[in-house]
Amino acid sequence: MDAHDDAQSAEQAAEDFAAEVAHWREVRGLPKRELARRMGFDPSYVSHMESGRHKPTEDFARRAEENLGAGKAIWTRWLDYEAAKARTALATVPAPRRVEHPYATGSAIVVEHDAARLDYDGRLYRLTMRRLLRNTGSEPITRYLIRISVDRYPGEPERSNAHYREHPLTWDELDLTATCRGEAMRWQAKHDRDAFKEVWLSFENAEGRFPLYPGESVWIEYAYSVSEEKWGRWFQRAVRLPTERLAVELAFPIALDPAVWGTETSMTAEAAPLRTAPVQRDEGTMRVFTWSTPTPALHARYRLEWRFRARPEHDVKLEEFR
């Protein structure tokens with residue numbers, strides 16, 4: 001392995017560490033500022049760590065592991081980073097630091113409408129996300145970052161980690177699709193972990209490019225599937241970009257007698273019940289729960305949970321994985 005490859009490995013290991021922290025922070029429903037407070041760091045430190053402006057440290061890794069209860073997943077990423085850094089130190093010529101910006105300089109995205117619908121047929125969850133994006137910046141936007149994060153056993157991180165090590169999410173089962181203006185969007189994996197993935201959706205395909213230009217608005221839609229054995233009974237929406245309206249629909253078989261509730265957290269408040277209750281309606285054999293909020297606060301998190309009263313959790317049989 002040459003010096004450039006070693007340096008890239010160290011940079012990738014740092015990105016992987018940051019992604020692991022972000023995953024568990026979101027699973028726990030903690031804003032960056034709140035996690036930093038609990039860890040005893042400056043309020044901006046977690047943000048700098050996740051964005052790559054700060055490199056992982058042993059102290060940060062230990063405190064993050066302790067406060068997020070990640071079942072040693074964060075600590076493992078720290079060890080991977082240290083090993084990669086040691087390999088890099090053996091190289092005679094250091095490679096330049098690789099800096100990645102989420103979007104082009106001068107670009108700015110506002111989400112005019114964020115609509116999620118989760119359908120469950122008794123064995124498979126299919127999530128469909130529709131977002132109306134507006135470019136309020138001065139440069140074209142050519143890609144959009146999305147996250148896929150699951151936790152089968154909330155509150156039991158070691159059990160969840162072991163579960164996904166044995167049965168990781170795969171791209172084949174996710175069957176990820178994305179469209180914009182009726183055109184298929186290319187996608188590329190940024191992070192590929194057992195229970196967490198980040199993906200760039202590109203405003204292009206084999207037929208051509210269709211950037212989001214300044215002042216324009218456009219709907220994008222993407223969807224993916226996760227089997228019941230890999231999806232915990234919760235769904236969380238994190239507000240990462242300025243958003244004007246957020247809506248969620250959950251559709252479950254009526255025969256399962258579903259019950260739904262939710263909580264919200266913000267930069268300044270701990271988890272509290274949703275301010276308005278989900279509204280339910282029946283569509284044939286499905287019961288649909290709808291919840292929405294106007295102008296959600298940036299960095300707020302809205303978590304919906306459910307149970308099936310006709311089929312308790314402990315009665316669910318874990319079948320063979322696809």
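Read-outs throughout are calculated quantities, based only on the coordinates presented, and are distinct from any laboratory measurement. This one's a predicted model, so the numbers in the text were calculated from it and none came from an experiment. Reconstructed Cβ throughout: ideal geometry from the backbone, glycine too, with neighbour counts over all protein chains shown.
Over all distinct Cα pairs, what is the inverse of the mean 1/r for the range 214-322, reported as the Kirkwood hydrodynamic radius in Å? The Cα-based Kirkwood calculation yields 16.0 Å. Label-to-label distance for Arg186 and Ala271 is 4.0 nm, based on points extended 7 Å past Cα in the beta-carbon direction.
Rounded to the nearest 10 degrees, the angle from helix 73-89 to the longest Cα principal axis of the chain is 20 degrees.
Overall shape of the range 3-89 was characterised from the C-alpha gyration tensor. The equivalent ellipsoid obtained from it has semi-axes of 23, 13, 10 Å, in decreasing order.
Listing His23, His163 from the residue with the fewest other Cβ atoms within 10 Å to the one with the most, what is the order?
Fewest-to-most ranking of His23, His163: His163, His23.
Using Cβ point charges alone (K and R +1, D and E -1), the dipole size of the range 154-212 about the Cα centre works out to roughly 260 debye.
Helix 157-166 and the longest principal axis of the C-alpha atoms of the chain enclose an angle of approximately 80°.
What net charge do the residues around Ala61 carry, taking every other residue with its C-beta under 14 Å from that of Ala61, with Lys and Arg at +1 and Asp and Glu at -1? Can you show the working numbers first?
Numbers: positive: Arg25, Lys55, Arg62, Arg63, Lys72, Arg77, Lys85; negative: Asp16, Glu20, Glu50, Glu58, Asp59, Glu65, Glu66, Asp80, Glu82.
Overall, the nearby charge balance is -2.
Each 10 Å bin from zero holds the following percent of Cα-Cα pairs in the chain: 5, 23, 33, 27, 9, 2, 0.
What ratio of Cα Rg to 2.2 N^0.38 Å holds for the range 118-239? Each step should come with its number before you reach the end.
Working: Rg = 16.1 Å, N = 122, 2.2 N^0.38 = 13.7 Å.
So the range 118-239 has a normalised radius of gyration of 1.18.
Positive end of the dipole of the range 109-315 (Cβ unit charges, origin at the Cα centre): among Val150, Leu304, Gly122, the Cα lying farthest that way belongs to Leu304.
Going by average Cβ density within 10 Å per residue, which order do the peptides 44-52, 28-36 take, highest to lowest? If you can, show how the numbers build up before the last one.
Numbers: 44-52: 18.6, 28-36: 21.1.
Packing order, densest peptide first, comes out as 28-36, 44-52.
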